[in-house]
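Undergrad: Sharing a structure, written as structure tokens. Questions coming.
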Amino acid sequence: MTISLPTESSVALISAIRAFIDDTDSHRRQPLKRWQRLIGWINWGLNVQPLLRPALQSCYAKISGKTHPHAGVSLNRDVRRDLEWIASIFQRHTGVHVLRSRIWHATEADLTIFCDASLSGMGFWSPQMNSGFCCDCPAIPEDVPAGCIFWYEALTVLAALEWAATLQPPPRRLAIFSDNMNTVQIFDSLRATTGYNKVLLSACDILISSDIDLRVWHIPGTTNTIADALSRGLLSVAHQYAPTLQIFTFIPPRCTLGASPS
């Protein structure tokens, strides 16, 4: 079964988004009622592009607590970038969404990846591919609390997804395991605060382009031994658990989509 958005409706939505961005007053503001109208229109479009949901987070944050319909609300860089991304997705991709079963078990995945992060490094590995990857942690963004392991855990999941999307053919169903419950929750709900929303936006862009069906599950830290060893640079320990594992280094994702400090 499919849900479709007529071409003319998609074109109208794209035009409305770009007019909203460009047709502001001298202070780059739009009245609250126009914000609400556009957000409602985009929510309707989510029926065919549900993975765009995280890109509305910056809009909701801007109008939170505001009630006067004619009050001007400014567009910051977060909002403009996220809305441009939404428009570009509707422009580049067909307005047809294929309904798939949201319920499938990890054993039904085409590819399984285990992820972990420490405050010094990130690591993930795939049993089917007999491949492991590790790298040092990059600098943490300004809008994320310093020394926050949660951001590195989420970034590792994004790195694993990036790698999976490069495989030929890419997996139709991808199961990723993380021992960080916060990471599992943001990928399950597609909701996160500003700093982490960048990771979600980058992940959703990959999922839309690759047509991968991703599920992120929790795994107890005590059983996530190989990914833990890779994240700490303990390659000999990883080989104790998987003697033939091929280990490579990788470059952390840059999270170029989504919000930026304003």
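Undergrad: Tell me, which residue of segment 58-72 that is among the aliphatic types (A, V, I, L, M) and either assigned to a loop (DSSP other than H, G, I, E, B) or at pLDDT below 95 (or both) is surrounded by the most Cβ atoms within 10 Å (Cβ to Cβ)?
TA: If we take residues in segment 58-72 being among the aliphatic types (A, V, I, L, M) and either assigned to a loop (DSSP other than H, G, I, E, B) or at pLDDT below 95 (or both), then 61 is surrounded by the most Cβ atoms within 10 Å (Cβ to Cβ).
Undergrad: Next question. Looking at 205, 188, 179, which is the one that is more than 27 Å from residue 84 (Cβ to Cβ) and of a type in the set (Asp, Glu)?
TA: Only one candidate passes the filter, namely 179.
Undergrad: Quick one: which strands (runs of 3 or more DSSP E) lie wholly within segment 76-168 and hold at least 2 residues that are of a type in the set (Gly, Ala, Ser)?
TA: Answer list for segment 76-168: 121-126, 131-136.
Undergrad: Another question, if that's okay. Here are some conditions: (1) in contact (Cβ under 8 Å) with a residue 24 or more places away in the chain; (2) in contact with a Leu (Cβ under 7 Å, 6 or more places away or on another chain); (3) not β-branched (Val, Ile, Thr). Residue 128 meets all but one. Which one does it not meet?
TA: For residue 128, the exception is condition (1).
Undergrad: Among the residues that make up segment 12-24, is at least one of them loosely packed, with under 14 Cβ neighbours inside 10 Å, over 24 Å from residue 209 (Cβ atoms) and polar (S, T, N, Q)?
TA: no
Undergrad: Could you say whether any residue in segment 215-223 is part of a strand (DSSP E or B) and either free of Cβ contacts under 8 Å to residues at least 12 places away in the same chain or more than 13 Å from the chain's Cα centre (by Cα) (or both)?
TA: Yes: segment 215-223 contains one or more residues that are part of a strand (DSSP E or B) and either free of Cβ contacts under 8 Å to residues at least 12 places away in the same chain or more than 13 Å from the chain's Cα centre (by Cα) (or both).
Undergrad: While we're on this one: Every residue in segment 43-57 that is surrounded by 19 or more Cβ atoms within 10 Å (Cβ to Cβ) and either small (Gly, Ala, Ser) or in contact with a strand residue (DSSP E or B) (Cβ under 6 Å, 6 or more places away or on another chain) (or both), please.
TA: 45, 48, 55, listed by residue number.
Undergrad: Would segment 27-38 turn up any residue that is under 20 Å from the mean Cα position of the chain (by Cα) and either of a type in the set (A, V, I, L, M) or assigned to a strand (DSSP E or B) (or both)?
TA: Within segment 27-38 (the criterion being under 20 Å from the mean Cα position of the chain (by Cα) and either of a type in the set (A, V, I, L, M) or assigned to a strand (DSSP E or B) (or both)), the answer is no, since none of the residues qualifies.
Undergrad: Check whether at least one residue in segment 229-236 is surrounded by 15 or more Cβ atoms within 10 Å (Cβ to Cβ), assigned to a loop (DSSP other than H, G, I, E, B) and on the phi > 0 side of the Ramachandran plot, and report yes or no.
TA: Yes, segment 229-236 contains at least one residue that is surrounded by 15 or more Cβ atoms within 10 Å (Cβ to Cβ), assigned to a loop (DSSP other than H, G, I, E, B) and on the phi > 0 side of the Ramachandran plot.
Undergrad: May I pose another question? Only one of 231, 236, 189 is under 24 Å from residue 105 (Cα atoms) and of a type in the set (S, T, N, Q); which?
TA: None of the others qualify; the one that does is 189.
Undergrad: Taking segment 106-142 on its own, how many of its residues are surrounded by fewer than 13 Cβ atoms within 10 Å (Cβ to Cβ), in contact with a Lys or Arg (Cβ under 9 Å, 6 or more places away or on another chain) and of a type outside the set (S, T, N, Q)?
TA: So the count comes out to 1.
Undergrad: If we scan segment 148-166, do we find a residue that is surrounded by fewer than 16 Cβ atoms within 10 Å (Cβ to Cβ), farther than 30 Å from residue 59 by Cα and in contact (Cβ under 8 Å) with a residue 12 or more places away in the chain?
TA: Checking segment 148-166: not a single residue is surrounded by fewer than 16 Cβ atoms within 10 Å (Cβ to Cβ), farther than 30 Å from residue 59 by Cα and in contact (Cβ under 8 Å) with a residue 12 or more places away in the chain.
Undergrad: Which of the residues spanning segment 14-52 are in contact with a Lys or Arg (Cβ under 8 Å, 6 or more places away or on another chain) and within 18 Å of residue 88 (Cα to Cα)?
TA: 20, 21, 46, listed by residue number.
Matching residues to (1) aromatic (Phe, Trp, Tyr); (2) on the phi > 0 side of the Ramachandran plot; (3) within 12 Å of the chain's Cα centre (by Cα); (4) at pLDDT below 95:
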site	(1), (2), (3), (4)
164	no, no, no, no
168	no, no, no, no
175	no, no, no, no
191	no, no, yes, yes
198	no, no, yes, yes
258	no, yes, yes, yes
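Undergrad: Could you go through segment 173-187 and let me know if any residue there is in contact (Cβ under 8 Å) with a residue 40 or more places away in the chain and in a loop (DSSP other than H, G, I, E, B).
TA: yes
The values are calculated or read from the model by the stated rules, or taken from the named source; none is laboratory data. Keep in mind the model is a prediction, meaning the values are calculated, not measured. Ideal geometry is used to build each Cβ from the backbone, glycine not excepted, and the neighbour counts take in all protein chains shown.
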